[in-house]
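Let me begin by presenting the structure, written as structure tokens, before commenting on it.
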Amino acid sequence: MTEFLAGLGTLLSGAIRIAIPICFGALACTICERGGIVNIGVEGMMLAGSFGGVLGSYLTGSAWVGLLFAILAGVLFAAIHAVLTIKYKTGHIISGLGINLLASGLTTVLLVSLWDNRGKSDAVASLGTINIPVLKDIPVLGDILSGHSPLFYILIVIGVVMWIVLYKTVFGLRVRVVGENPQTADSVGINVTAIQYICVLACGAIAGLGGAYLSIGDIGLFSRDMVAGRGYIAMAVTIFGGWNPIGAFGGSLLFGVAQSIQFRLQEVAPVQIIQMLPYILTILVLILVKNRPKGPAAAGKSFDREAG
Amino acid sequence: MNFVEMRDISKYYGNVAANSHVNFSVQKGEIHSLLGENGAGKTTLMKILYGMTQPDSGTISVGGKKVRIRNPKDAINLGIGMVHQHFMLAAPLTVAENIVLGYEPKKGMFFDFEGAVKEIEALSEQYGLKIDPRAKIQDIPVGQKQRVEIIKALYRKSDLIILDEPTAVLTALEVQELFGVLKGLKEAGKTIIIITHKLKEIMQVSDRVTILRSGEFVCTKNTADTNPNELAELMVGRKVHAMEESFGGDVDESAPVFLEVKDAVYKEHKVKKLNGLSLKVRSGEILGICGVEGNGQTQLIETVTGIIKLRHGKVLVRGEEVKDPTPLRMLNLGVAHIPEDRASRGLIKDFPIRENTILGYHRRRQFSRRGVLNIREMNRYAQEMVENFGIKVGSIYDPVSSLSGGNQQKVVIGRALSQNPDIIIAAQPTRGVDIGAIEYIHEKLIEMKKQGKAILLISAEIDELMALSDNIAVIFGGQIVAQGKASEFDERRLGMLMTGYGKEEKEHGSH
């Protein structure tokens with residue numbers, strides 16, 4: 001029994017570690033798409049965050065300053081996406097792809113110029129983990145709630161706040177209308193452009209934090225293209241979670257558990273097949289769950305008052 | 001006293017004058033119709049009043065004071081509300097959320113949903129506009145969506161409510177309900193402007209009417225001092241034939257049956273939309289289908305054009321059963337389709353007019369060989385159609401969305417009629433089209449009938465059915481409940497049959 005509980009605890013704590021960056025990405029996508037802007041650039045924004053985190057930590061020796069840098073880097077890239085899609089009405093996918101390529105290229109160039117290394121940065125201070133006294137000794141529950149990076153707790157706060165803002169405040173109502181039908185919002189005097197800028201910039205900040213988790217959350221270094229597709233998985237999780245922050249938690253956790261089990265099963269079956277498990281699971285759920293909520297109707301279309 | 005006065009308003013889009021020196025004024029507490037054909041500048045004028053677009057010149061006064069209306073918020077603050085033709089509602093949200101949007105009640109930091117519900121219930125009580133504030137917009141019918149828009153204007157304390165083509169989307173019954181609501185609002189001291197091109201409605205509901213033609217002000221009249229014929233003339237600028245005339249006649253019973261539907265049954269979400277429907281259309285006949293929307297008309301159209309597959313029953317063309325009908329097969333059998341909603345089924349709006357004129361027929365040898373389009377032939381064909389059907393276009397390469405509604409419909413009809421079909425399914429052929437174009441489309445359909453084509457006419461306009469049909473079939477609950485010569489019906493009898501009254505009498509006796 002004790003052995004089983006210990007095993008379950010390790011499995012869940014591993015699952016959470018995998019889920020954290022994906023959940024950051026999914027929350028970022030959720031707020032962005034609720035405002036009507038599709039963001040496949042979340043991958044690049046996370047990568048910018050990863051690099052920003054290490055840079056800040058490297059320059060000041062403090063991982064917390066690194067976190068600030070990560071947010072700034074994410075916001076900076078988000079600002080590019082915002083100006084392109086909102087002001088210049090570029091295709092959202094094109095702009096997002098551009099962000100991803102730019103982030104990948106720019107971080108590599110900076111990697112070489114700062115540390116003279118094409119693969120990874122020097123080791124820097126990381127945020128480490130928080131162990132909560134008493135709680136950490138309770139089996140399973142301790143594994144779930146304790147022993148994580150501080151970013152885990154920040155993530156939970158962001159998710160809860162985002163849910164309250166979206167569904168319980170006037171601002172959230174307006175965001176949802178903008179993503180659904182910007183003409184409607186405009187016709188009652190809501191400033192569509194301002195709301196979209198706020199959503200995209202918030203998305204950048206959250207994505208930046210997700211990236212920072214990968215670089216300074218634990219290990220304390222940046223390696224080239226270290227986000228490795230998590231941004232894209234986050235986009236799938238956003239759909240999976242029905243563009244709802246709580247759904248984003250559920251979706252990323254499910255993915256994390258599948259991934260975590262997958263690591264364990266690699267000993268009993270061919271690795272290649274087992275590695276497909278989380279992705280197959282995601283696809284199956286997307287196909288099989290009926291009456292899934294539809295996304296914001298106007299997501300991906302730039303708002304143009306005159307064309308309305 | 002004039003509540004709103006618009007003086008010498010001009011608005012240009014490029015070189016085109018949407019409004020040219022228009023004068024328009026509304027008195028407090030009246031229902032005022034703004035009449036004109038599509039493209040006459042009615043909507044532009046009202047968009048200016050509601051702050052959605054800025055005039056190039058002219059002045060606006062509200063309540064005797066000169067004002068500048070830079071955006072909808074300014075208009076709302078002046079007590080002006082607008083119900084747009086395409087509703088401004090967010091479908092997944094509730095009625096209450098949609099109504100209070102932009103002026104939401106708060107409780108501390110949070111949105112006060114319950115407070116909103118209460119306020120709406122009070123308004124709904126005060127003006128007798130029944131609505132469920134907790135229902136989602138996507139779950140309520142069109143008539144109620146419009147009601148939501150009206151309550152939205154009232155919630156913003158509008159004294160003047162502008163309605164853009166409010167009856168275009170409503171059934172006959174809903175139209176009467178709406179007019180009741182509008183008269184109630186008038187009694188409560190509100191001022192109403194209705195944008196419309198339907199003469200009957202003006203006569204029925206408005207106190208005064210202002211007519212616009214090609215962006216210019218024609219005149220303002222008291223409704224009591226005018227009549228539909230005069231209004232039609234003022235609107236179009238020439239004499240037009242009145243719709244009271246009937247073109248129907250006797251059908252030659254020996255003419256071959258071109259289209260037949262036998263015992264059609266079709267289910268949608270477990271509801272029988274077609275319930276043993278049978279009908280025949282002969283060469284040289286126009287058969288009009290009359291009914292309240294949602295009684296199986298759409299499914300009937302989709303059956304005979306091969307879009308849906310019947311559960312039971314069959315479709316026969318020229319006496320032969322069509323096995324496994326598909327849209328392509330029906331098209332190749334000479335069944336032309338004028339769809340009920342040209343925006344979703346009739347046209348690809350961002351495509352050039354040229355491409356739209358051959359949609360569906362693009363596989364024909366005339367237009368393509370081995371999958372390669374014959375551009376030269378397409379150009380010639382489109383140009384010819386534009387000339388034959390009097391479609392007003394800049395160039396055949398312009399997107400079809402740049403045309404007015406009437407001209408878009410002419411593209412749809414031109415396409416259907418140009419390929420020499422035997423059978424024409426004409427669904428709402430004149431919906432959202434101005435009088436001039438209606439007249440033209442009617443002439444074309446009658447011409448086709450005289451050439452010996454079989455025409456199935458599905459229309460929500462009883463006047464249109466009475467004017468064009470030789471025979472009329474009344475559809476109710478997915479069945480034909482009555483059929484006969486058009487001359488045997490009048491509006492009152494059709495109204496009863498459409499609502500299922502006649503059928504009950506026939507089958508169960510009256511209660």
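The values are calculated or read from the model by the stated rules, or taken from the named source; none is laboratory data. None of these values were measured; they are calculated from a predicted model. Quick reminder, even Gly has a Cβ in these numbers, built from the backbone with ideal geometry, and neighbours come from all protein chains shown.
Can you name the condition, by its number, that A:Gly147 falls short on among (1) within 20 Å of B:Gly102 (Cα to Cα); (2) away from chain B (no Cβ under 14 Å); (3) small (Gly, Ala, Ser)? A:Gly147 satisfies all of (1) within 20 Å of B:Gly102 (Cα to Cα); (2) away from chain B (no Cβ under 14 Å); (3) small (Gly, Ala, Ser) except (1). In the set A:Gly119, A:Gly142, only one residue is in contact with a helix residue (DSSP H, G or I) (Cβ under 7 Å, 6 or more places away or on another chain) and surrounded by fewer than 19 Cβ atoms within 10 Å (Cβ to Cβ); that residue is A:Gly142.
Among the residues in the stretch A:275-284, are any surrounded by fewer than 17 Cβ atoms within 10 Å (Cβ to Cβ) and among the polar types (S, T, N, Q)? Taking every residue of the stretch A:275-284 in turn, at least one turns out to be surrounded by fewer than 17 Cβ atoms within 10 Å (Cβ to Cβ) and among the polar types (S, T, N, Q). Under the condition of being in contact with an Asp or Glu (Cβ under 7 Å, 6 or more places away or on another chain), part of a helix (DSSP H, G or I) and more than 22 Å from A:Val109 (Cβ to Cβ), the residues counted in the stretch A:198-252 number 2.
Count of the stretch B:250-286 residues, restricted to those that are exposed (fewer than 15 other Cβ atoms within 10 Å of the Cβ) and part of a loop (DSSP other than H, G, I, E, B), is 8. Condition check: without any contact (Cβ under 8 Å) to a residue 60 or more places away in the chain and farther than 23 Å from B:Lys47 by Cβ. Does B:Gly237 satisfy that? Against the criterion (without any contact (Cβ under 8 Å) to a residue 60 or more places away in the chain and farther than 23 Å from B:Lys47 by Cβ), B:Gly237 qualifies.
Inside the stretch A:181-190, can you point out the residues that are surrounded by 23 or more Cβ atoms within 10 Å (Cβ to Cβ), within 7 Å of chain B (Cβ to nearest Cβ) and in a helix (DSSP H, G or I)? A:Thr184, A:Ser187, listed by residue number. When B:Thr326, B:Thr210 are checked against the criterion of being over 23 Å from B:Glu488 (Cα atoms), modelled with pLDDT of 90 or more and surrounded by 15 or more Cβ atoms within 10 Å (Cβ to Cβ), B:Thr210 stands alone in meeting it. Could you list all residues from the stretch A:95-116 that are surrounded by fewer than 13 Cβ atoms within 10 Å (Cβ to Cβ) and small (Gly, Ala, Ser)? Selection gives A:Gly105, A:Ser113. Put simply, of B:Thr43, B:Thr59, B:Thr94 the only residue that is surrounded by 17 or more Cβ atoms within 10 Å (Cβ to Cβ), polar (S, T, N, Q) and under 28 Å from B:Cys219 (Cβ atoms) is B:Thr43. Among the residues in the stretch B:54-68, are any within 14 Å of another protein chain (Cβ to nearest Cβ), aliphatic (A, V, I, L, M) and touching a Lys or Arg at 6+ places or on another chain (Cβ under 9 Å)? No, every residue in the stretch B:54-68 fails to be within 14 Å of another protein chain (Cβ to nearest Cβ), aliphatic (A, V, I, L, M) and touching a Lys or Arg at 6+ places or on another chain (Cβ under 9 Å). For the stretch B:329-354, the candidate set comprises residues that are hydrophobic (A, V, I, L, M, F, W, C), within 29 Å of the chain's Cα centre (by Cα) and farther than 18 Å from B:Val386 by Cβ; within that set, the residue that is modelled with the lowest pLDDT is B:Ala343. Within the stretch A:264-274, not a single residue is crowded, with 20+ Cβ neighbours inside 10 Å and either of a type outside the set (A, V, I, L, M) or under 30 Å from B:Met52 (Cβ atoms) (or both). Being modelled with pLDDT under 90 and more than 9 Å from every other protein chain (Cβ to nearest Cβ) is a property that B:Val117 lacks. Looking across the stretch A:92-110, the residues that are over 17 Å from A:Ala212 (Cα atoms) and touching a residue at least 40 places away in the same chain (Cβ under 8 Å) come down to A:His92, A:Ile93, A:Ser95, A:Gly96, A:Leu97, A:Gly98, A:Ile99, A:Leu101, A:Leu102.
Exactly one residue out of B:Lys11, B:Lys47, B:Lys66 is out of contact with any Asp or Glu (no Cβ under 8 Å at 6 or more places or on another chain) and either at pLDDT 95 or above or more than 30 Å from B:Gly180 (Cβ to Cβ) (or both), and it is B:Lys66. Can you name every one of the helices (runs of 4 or more DSSP H) wholly within the stretch B:392-511 that holds 3 or more residues which are in the same structural domain as B:Lys267 (by TED's automatic domain parsing)? Passing ranges, in order: B:435-450, B:462-468, B:491-498, B:501-508.
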